[in-house]
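The values are calculated or read from the model by the stated rules, or taken from the named source; none is laboratory data. Keep in mind it's a predicted model, so treat the numbers as computed, not measured. So basically every Cβ, Gly included, is an ideal-geometry build from the backbone, and we count neighbours across all protein chains shown. Calculation scope for accessible area: heavy atoms of the full protein, side chains included, ligands and nucleic acids excluded. Shrake-Rupley method; radii C 1.70, N 1.55, O 1.52, S 1.80 Å.
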Amino acid sequence: MRILFIAPRIPFPPRKGDQLRAFHQLKGLKKLGHDLHLICYSDEEEVPDELNNLCSRIMTVKFKKSAAMMKIAAGMMTNTPVQVSYYESNAFRQAIKEAVSTHSYDVVHTQLVRTYPYFEELKELPNVLDFVDSISLNLSRRIAFKKSITNPLIKHEARTIHLMERQAMECFDGSIFISNVDRNYVGDEAQHVATISNGVDLHYFSYQKKLTEQNNLIFVGNMSYEPNRQGVKYFIENIYPHIMRKTKDFTFYVVGRDPTPDLIQLCRDKPNITVTGEVDDIRDYLAKAKLFICPLKTGAGVQNKVLEAMSAGIPVLTTSIVNDPIGAVESESVVVRNQDQEFADAAVDLLSDQNKLEDLRQSARSFVEENYEWDRLNQKLEQFYRETMYKRNNVFGKESIHC
């Protein structure tokens, strides 16, 4: 197949979840023998070799923040979600028009609801929208978690983007979500929807032969992502004191790029908390960890960091919001606690229970091998394309194009 792949962010380096997803999908589709054309935003003049090796044609559009802000202002007049207006541009639209008019494509893959405004340019071809996660679910959870003067604005954004998510499901020939939780939140009325998760590189995050004997807790995540930042701050303010009452024999590593000044300040006077910022190789810190904690109270989708820890054989303690989309069996492949005291008690108990830690990490590795291997997931994506093409040509028909 010749596939046109459209992403609002360049997929390399894969620093954010949607970038990682797109990069591994392109990598897998190339391995399956498909011809890939990529359209994406990029601020760099040169396209990374990692993408040139995967795609036979790459069209990049420079992202202009000044124009994006003007689009947001215009979008407010038409009730368009800010996150959608921000990524809309005439130059990006023209790149899509040029690609579609000069090349023959079997299917078009667009990523995130931010690409929905370009549906008009794609509707004559078999088309698939990968929502990844539900942005409206993410925003709704943020509102419920914390009172803020900005909540009315976030609530409006959540409502308008939820409407757009539902409209997009009706328009595109096929829709993909990263988890059933996200899929069910948007709605299940559409005829052709698939759940295809992110995977994990089982070779890169290879199984640790032995856990460290040091009582090290670790969290890994991009700190520019608000649910990560909120989760770590919540842990330090509400759970960490409970742990300290039982033991001071532990170190908590907060690993990830762009820690904010308020987070750094919060940790500054706590000698057993280390904020590293961005590191060269997170595997070095996973190797130091006895327990991976992910205390997120907001967010949506599948947390790649948890899959990576499980793959490396680092036992995971987390919340239902994180584990529900992943689907690991509680107390078998992961430990799930939602209340502050219970989360703290579980952390202390696990640090001193070597047998339980060993059982958890072995089961976790088996779980990701069975459910989150990229090759299998990309074969599922390929099959979804074929089903979409078949239904478009034999069932949907031109009269179904009504958006």
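The table for this structure:
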quantity: Semi-axis lengths (Å, descending) of the ellipsoid that matches the C-alpha gyration tensor of segment 2-85; calculated: 28, 13, 11
quantity: Over 16 Å [Cα-Cα, segment 311-389], rounded percent; calculated: 58
quantity: Degrees between helix 340-351 axis and first principal axis of the chain (Cα, 0 to 90, nearest 10); calculated: 70
quantity: Rotationally averaged projected area of segment 57-125 (alpha carbon convex hull; nm²); calculated: 4.9
quantity: Span from the segment 187-208 Cα centroid across to the segment 242-267 one, whole angstrom; calculated: 30
quantity: Check: segment 191-310 dipole with +1 on Lys, Arg Cβ and -1 on Asp, Glu Cβ, in debye; calculated: 480
quantity: Whole-angstrom gap from segment 310-334 to segment 107-145, using each part's C-alpha centre; calculated: 27
quantity: Cα-centre dipole for segment 110-238 with unit charges at Cβ (Lys and Arg positive, Asp and Glu negative), debye to 20; calculated: 780
quantity: Lone cysteines, the chain (no partner Cβ under 4.7 Å); calculated: 40, 55, 267, 294
quantity: Unit charges at the beta carbon, dipole of the chain: most positive-side option, 148, 215, 19; calculated: 148
quantity: Estimated FRET transfer efficiency when R0 is 60 angstrom, pair residue 248-residue 394 (beta carbons, to 0.05); calculated: 0.35
quantity: P(r) weight above 18 Å for segment 135-187, C-alpha pairs, percent; calculated: 35
quantity: Cα-based helix-to-principal-axis angle, 17-31 vs the chain, degrees rounded to 10; calculated: 60
quantity: Cleavage-rule hits, trypsin sites (Lys or Arg not before Pro), segment 94-163, DSSP coil, Cβ neighbours within 10 Å at most 10; calculated: 147
quantity: Distant-in-sequence amide H partners of residue 134 (H built 1.01 Å from N, under 5 Å); calculated: 301
quantity: Neighbour-limited loop hits for GluC sites (Glu not before Pro), segment 160-239 (at most 10 other Cβ within 10 Å; DSSP other than H, G, I, E, B); calculated: 189, 213
quantity: Sulfur and carbon atoms: percent of accessible area, segment 1-155 [1.4 Å]; calculated: 54
quantity: Size of charge dipole - the chain - debye, nearest 20, with Cβ of Lys, Arg +1 and Asp, Glu -1, no other charges; calculated: 720
quantity: Largest-first principal axis extents of the Cα set of segment 76-205 (Å); calculated: 51, 45, 34
quantity: Spin-label model distance (nm) - residue 100 vs residue 238, 7 Å beyond Cα toward Cβ; calculated: 4.6
quantity: Average Cα contact separation per residue, the chain, under 8 Å, 6 or more apart, as relative contact order %; calculated: 15
quantity: Residue of 257, 245, 376 that the Gaussian network model of the chain assigns the largest fluctuation, springs spanning Cα pairs under 10 Å; calculated: 245
quantity: Neighbour cut-off at most 15 other Cβ (10 Å), DSSP loop, GluC sites (Glu not before Pro), segment 60-143; calculated: 124
quantity: Label selected from [x] 31, 25, 21; [y] 38, 24, 20; [z] 31, 29, 20, the criterion being semi-axes √(5λ) of the Cα gyration tensor in Å as computed here; calculated: [y]
